[in-house]
Amino acid sequence: MSERIAVVGYAVRLPGGDDLEDLDRFLMSGRSAVRTHARDELLEQGLDPAEIDDPRYVPRAAATSWTVESAKHIDLLSARERRVTDPQQLLFFDCCVAALEHAGIAAESVAGREVACVGGVGMGLYAGNELSSFFSRSLRHDGQLVGEAVPPEILVGNASDHTVGRVSYRLGLTGPSVNVQTACSTALASVEYACTLLRSGRVELALAGAAALYFPLKRGYQHERGGILSPGGVCRAFDADADGTVGGSGGGVFVLKRLADARRDGDAVHGVIEGVYQGSDGGARASYTAPAFDGQARVIRGALRDAGVEPSALSYVEAHGTGTPVGDLVELSALNEVFGGRDVPLPVGSVKPALGHLDTAAGVASLVNVLLGLRRGAMPGTVNLTRPDPALAGGVARPTAAPVRLRPAGDDGTVRVGISSFGASGTSVHAVVSDYAMTERTDPWQEPAQPPEPAEPPVAVPSGTRGGAPVADTGAAAEEPAAADPDAIRRAVLELLADRAAHSDELRMEDIGRLGAVDIGLDSVDLLAVAKVIEQRWGVRFEILDMLMFTSVDEMIDDLLQQAAGPGTS
């Protein structure tokens, strides 16, 4: 068993509440913070009317109410620095100071001390192909500001590399200052690294967390067939009708300290990290961004081993739970593999349907949900889970729509909860968090007399859809289907595939035709891109699974040619 790490303070700015008490009440209310943005709101944010009116556009998201103007702890930064700096970095800074304050530590008292700062900011998960950022959406259009700025000023204010460095500089921290970017697992990966620094004795205190905001702050997203985002704008983790996730924005920071030191110093203890383990999925994935059963099971076992406990010791698991059918299936399968020997079911839930998927800050929402759950003695139910997916039934891991009262699963009287955070980068993290030595508790949770308010209904799927997913509206601006010249089509498709094939310089066109898509090194993202081009050019729609079922690329092209030629051809 590794040394236990105490959470001695934390601050979050999340959908549902910037204040911990408000957030606590919201999470137990059974509601979702995901809302529909009116067209006028989106236009006021500067979004292109053509983007908003695209049938694929889903105007829904969950957003923190935090703004640069409402920030309470960025007065250490100059007015100029606040104007040119990415608000995500300002949010992270604001949460660092607020978290120290919550821990009873004055910001000025940490100067010159071996305190670590670890974290990262948003990767623009919901920006589509725009890669929109504060700089691209706002700063670059302020001609006077940009004209007066010098290049280092803009770079330092907007490159994510400087997120934690700014905190260490302004607060005078002399411990490691490490920027972490592992996609959706960034926040929990930062916590894991901070625990490593504390356990090694390298630092006495650590700040760890992440922040992610939209640009503009109010926006939806464009649904892409085969992507992870829900066409209806509702995240239904583990539900039979799950069809994708929905974005959220916010952030948070946790103040971590060795438990022995925290008890010696009389610190408040909000939860204890007993075990945490981080690992990469390596190459054992169907595609670069696909979830990996083996990788998830490995880090969960690693966290249990680090905590020195058996699978039977956990009372609950806060899952990554994005609401994508494949992702949920892989995650529950991994949980069933690790916890399959238990005598009693393992309750499982996800906070993402309530607060949205917070990009790099997803782990912040998961960890704070668990800390508040340990404090009140109950975990909230999973919002929007109305009809559990039969494909996920039968295992020991049981998603639950109802709140779960937390009781010790072992004889030592300690409640332990697992937390999973899986990044599209392949970096997976699992933590075991407990109420051991916890000093901050509220009155035990009581089941409400009235049922929770229903979640906001989903966006109506526009007409002109197939299978519940919007079909691209080609319109006047899109390419007209190309003439069905068989040789030209065959050559064009082979070139499309060759451009994405692994070791394409070693393959001839005829070799590509004889092989299958997987044989030439294409993953699901490659196939999704190829399918999109095929539909745009020739008006033929392929699903990824269809493309994988063809025995060869030539067979797929033959099918394409037949569909492009129209009915009645042979």
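The values are calculated or read from the model by the stated rules, or taken from the named source; none is laboratory data. Predicted model, so just to flag it, every value in this text is computed and none were measured. Neighbour counts run over all protein chains shown; Cβ positions are idealised from the backbone, glycine included. Protein only, heavy atoms only, side chains kept; ligands, DNA and RNA dropped before computing areas. Shrake-Rupley method; radii C 1.70, N 1.55, O 1.52, S 1.80 Å.
Let's see how each residue does on (1) out of contact with any strand residue (DSSP E or B) (no Cβ under 8 Å at 6 or more places or on another chain); (2) in a helix (DSSP H, G or I); (3) under 12 Å from G226 (Cβ atoms):
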site: D511; (1), (2), (3): yes, yes, no
site: L522; (1), (2), (3): yes, no, no
site: L528; (1), (2), (3): yes, yes, yes
site: K532; (1), (2), (3): yes, yes, yes
site: E535; (1), (2), (3): yes, yes, yes
site: V540; (1), (2), (3): yes, no, no
site: T551; (1), (2), (3): yes, no, no
site: I557; (1), (2), (3): yes, yes, no
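Anything in the stretch 253-291 that is part of a loop (DSSP other than H, G, I, E, B) and of a type in the set (S, T, N, Q)? List them, or say none.
In the first step, residues of the stretch 253-291 are kept if they are part of a loop (DSSP other than H, G, I, E, B); the result is 266-271, 281-291.
Scanning the stretch 253-291 gives S287, T289.
Take the conditions over 30 Å from R199 (Cβ atoms) and over 21 Å from the mean Cα position of the chain (by Cα) and apply them to R25. Does it pass?
Working: over 30 Å from R199 (Cβ atoms): yes; over 21 Å from the mean Cα position of the chain (by Cα): yes.
Judged against the criteria, R25 is a match.
Quick one: V344 ticks every box in (1) within 21 Å of G410 (Cα to Cα); (2) part of a helix (DSSP H, G or I) except a single one, so which number is it?
Unmet for V344, out of (1) within 21 Å of G410 (Cα to Cα); (2) part of a helix (DSSP H, G or I): (2).
Residues to consider are L385, L371; find the one that is in contact with a Phe, Trp or Tyr (Cβ under 8 Å, 6 or more places away or on another chain) and under 19 Å from A242 (Cα atoms).
Details: L371 fails: under 19 Å from A242 (Cα atoms).
It is L385.
Could you tell me whether V272 is buried (at least 24 other Cβ atoms within 10 Å of the Cβ) and either acidic (D, E) or touching a residue at least 60 places away in the same chain (Cβ under 8 Å) (or both)? Quick ask: steps written out before the conclusion?
Numbers: buried (at least 24 other Cβ atoms within 10 Å of the Cβ): no; either acidic (D, E) or touching a residue at least 60 places away in the same chain (Cβ under 8 Å) (or both): yes.
Here the answer is no, as V272 does not meet what is asked.
For residues that are surrounded by fewer than 17 Cβ atoms within 10 Å (Cβ to Cβ) and either of a type in the set (D, E, K, R) or not in a helix (DSSP H, G or I) (or both), scanning just the stretch 481-500, find the one that is modelled with the lowest pLDDT.
Per the stated criteria, the residue is P481.
Let's see how each residue does on (1) of a type in the set (D, E, K, R); (2) without any contact (Cβ under 8 Å) to a residue 12 or more places away in the chain; (3) in a loop (DSSP other than H, G, I, E, B):
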site: T67; (1), (2), (3): no, no, yes
site: H73; (1), (2), (3): no, no, yes
site: L77; (1), (2), (3): no, no, yes
site: E81; (1), (2), (3): yes, no, no
site: Q88; (1), (2), (3): no, no, no
site: F92; (1), (2), (3): no, no, no
site: V97; (1), (2), (3): no, no, no
site: G104; (1), (2), (3): no, no, yes
site: A116; (1), (2), (3): no, no, no
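Listed residues V309, V330; which is assigned to a helix (DSSP H, G or I) and not aromatic (F, W, Y)? Quick ask: steps written out before the conclusion?
Working: V309 fails: assigned to a helix (DSSP H, G or I).
One residue alone meets the criteria, V330.
Which members of the stretch 311-356 meet the condition of being of a type in the set (S, T, N, Q) and buried (at least 22 other Cβ atoms within 10 Å of the Cβ)?
S315, T322, T324, S350
Could you check the stretch 78-111 and list, in sequence order, the residues that are among the hydrophobic types (A, V, I, L, M, F, W, C), out of contact with any helix residue (DSSP H, G or I) (no Cβ under 7 Å at 6 or more places or on another chain) and open to solvent by 50 Å² or more (accessible area, probe 1.4 Å)?
Scanning the stretch 78-111 gives a single hit, A79.
Can you tell me how many residues in the stretch 181-238 are acidic (D, E), under 23 Å from S32 (Cβ atoms) and crowded, with 24+ Cβ neighbours inside 10 Å? Explain how you work it out, then say what you get.
Taking the stretch 181-238 first, the residues acidic (D, E) are 192, 204, 224.
Okay, now just the ones that are also under 23 Å from S32 (Cβ atoms), so 224.
Still in the list and also crowded, with 24+ Cβ neighbours inside 10 Å: none.
Here the count works out to 0.
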